[in-house]
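Peer 1: Okay, here's the structure, questions in a sec.
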Amino acid sequence: MRLRQVTLREIQLRLLSPFETSFGTSDLRRILLVEVEAHGVTGWGESTAGENPFYSYETVETAWLILRDYLWPMLRGREIAAADVGDLLAGVRGHPMAKSALETAIWDAEAHEKGVALARLLGGMRQEIPCGVSIGIQPTTAQLIAKVEEALESGYQRIKIKIKPGLDIEPVRALRETFPRVRLMVDANSAYRLEDAPLLKQLDPFHLMMIEQPLGWDDIYSHAELQRRLETPICLDESIVSLPHARAAIEIGACGIINIKLGRVGGHTAARRVHDLCQSRAVPVWCGGMLESGIGRAHNIAMSSLANFSLPGDVSASKRYWAEDIIEPEVEVSKQGTIRVPSRPGIGYAPRRERIEKLTKRQERLA
Ligand code: OSB
Ligand code: MG
């Protein structure tokens, strides 16, 4: 297809409750949406860049600049296929969240053009995906237990909690005492150092499914050292920014599980390559979340339909985040803790234009 126009929009959406991690608290989300138009079809993508360069170096501002000044000019006027877009943009080093916003929008447009569900176009085979929740750091253990209880009552299949130094062993112990059999894991978002290995070792007796990204985002090697000392599998998130990083991590034994995020690896084609590599090495993967609006969430659902997404991901219901989402229907989770992969064309959820327009803080048309 040949794109005629790309529209960048920044919307602002307030989370129902602030989300705290070891690197900070998120409350009012600034979300960059990309809409692409080809002849007769449109496609939507979402940049998962944050308000601040804490989870990654990208922000809404950097993604906007890179999209407008570099990525769109590389595609303008060309005949393109969604599967090739990632490679066409490879001349820009890094900035995977900016790339992913554009590339995933083109995948959506191509699926609409072909009249097929994006999940099928990507090669996904699951009709429903297993779901977990990611619970931010809570002010008290009692509040944490209440949040976990609520998620379990809703049917979610596994619980992930955020930890940071000083709020790690005790919350996990309390949860294990209260919920001896739930599938439980922790995410440190790089808050520890290799010298903390004895502390992290204290998590082993709680039979966690995994410890996510305990050490530095750019320190795959130390994760391999740590993994040798722990029984609990390490799952890498921040460290896996590309296929070569995934390969290095697996080869040196830095992790037993990988969390795949579209924005962190640069889009569907890159995510599928990481997925395929992990599958060939018997490393299970799951889909991470970035507090997305419905657009990004819909792309996560399509990606999660691939075969090796065998563990419950962080993709959960719209109503856990937003009073009102920007898609129709909203993402819903069954009592069994699953999301049905839509069979409607494209991402399978319709962007609510009027609502998006009302939430838009700025917009730029690129032609
Ligand atoms: O590390 O997985 C993470 C949110 C923002 C940034 C990083 C992470 C997260 C989450 C939330 O864990 C997942 C979600 O519910 O979207
Ligand atoms: Mg994480």
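Peer 1: Out of Ile169, Ile129, Ile159, which single residue is outside the structural domain of Trp107 (by TED's automatic domain parsing) and touching a residue at least 60 places away in the same chain (Cβ under 8 Å)?
Peer 2: Every option except Ile129 fails the conditions.
Peer 1: Follow-up. Looking at Gly91, Gly77, can you tell me which residue is assigned to a loop (DSSP other than H, G, I, E, B), more than 16 Å from ligand 2 (Cβ to nearest atom), at pLDDT 95 or above and out of contact with any Pro (no Cβ under 8 Å at 6 or more places or on another chain)?
Peer 2: On inspection, the qualifying residue turns out to be Gly91.
Residues checked against (1) touching a Leu at 6+ places or on another chain (Cβ under 7 Å); (2) of a type in the set (Gly, Ala, Ser):
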| site | (1), (2) |
| --- | --- |
| Val182 | yes, no |
| Leu194 | yes, no |
| Leu208 | yes, no |
| Asp218 | no, no |
| Ala224 | no, yes |
| Leu230 | yes, no |
| Ser239 | no, yes |
| Ser242 | no, yes |
| Arg247 | yes, no |
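Yes/no matrix, rows are residues, columns are (1) buried (at least 16 other Cβ atoms within 10 Å of the Cβ); (2) within 15 Å of ligand 2 (Cβ to nearest atom); (3) assigned by TED's automatic domain parsing to the domain that holds Gly132:
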residue	(1), (2), (3)
Cys235	yes, yes, yes
Glu251	no, no, yes
Gly266	yes, no, yes
Arg272	yes, no, yes
Gln279	yes, no, yes
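Peer 1: When the residues of the stretch 221-232 are filtered to those that are touching a helix residue (DSSP H, G or I) at 6+ places or on another chain (Cβ under 8 Å) and open to solvent by 30 Å² or more (accessible area, probe 1.4 Å), which remaining residue is nearest to Val92 (Cα to Cα)?
Peer 2: Glu225
Peer 1: What number of residues within the stretch 138-165 satisfy the criterion of being part of a loop (DSSP other than H, G, I, E, B) and open to solvent by 20 Å² or more (accessible area, probe 1.4 Å)?
Peer 2: Summing the residues that are part of a loop (DSSP other than H, G, I, E, B) and open to solvent by 20 Å² or more (accessible area, probe 1.4 Å) in the stretch 138-165 gives 6.
Peer 1: Which count do you get for residues in the stretch 207-220 that are more than 13 Å from ligand 1 (Cβ to nearest atom) and open to solvent by 30 Å² or more (accessible area, probe 1.4 Å)?
Peer 2: Selection size over the stretch 207-220: 4.
This table checks each residue for (1) of a type outside the set (S, T, N, Q); (2) within 14 Å of ligand 1 (Cβ to nearest atom); (3) open to solvent by less than 50 Å² (accessible area, probe 1.4 Å).
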site	(1), (2), (3)
Thr21	no, yes, yes
His39	yes, no, no
Arg93	yes, no, no
Ala101	yes, no, yes
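The values are calculated or read from the model by the stated rules, or taken from the named source; none is laboratory data. This one's a predicted model, so the numbers in the text were calculated from it and none came from an experiment. Don't worry about glycine lacking a Cβ; one is built from the backbone with ideal geometry, like all the others, and counts go over all protein chains shown. Only protein heavy atoms, including side chains, enter the accessible area calculation; ligands, DNA and RNA are left aside. Shrake-Rupley method; radii C 1.70, N 1.55, O 1.52, S 1.80 Å.
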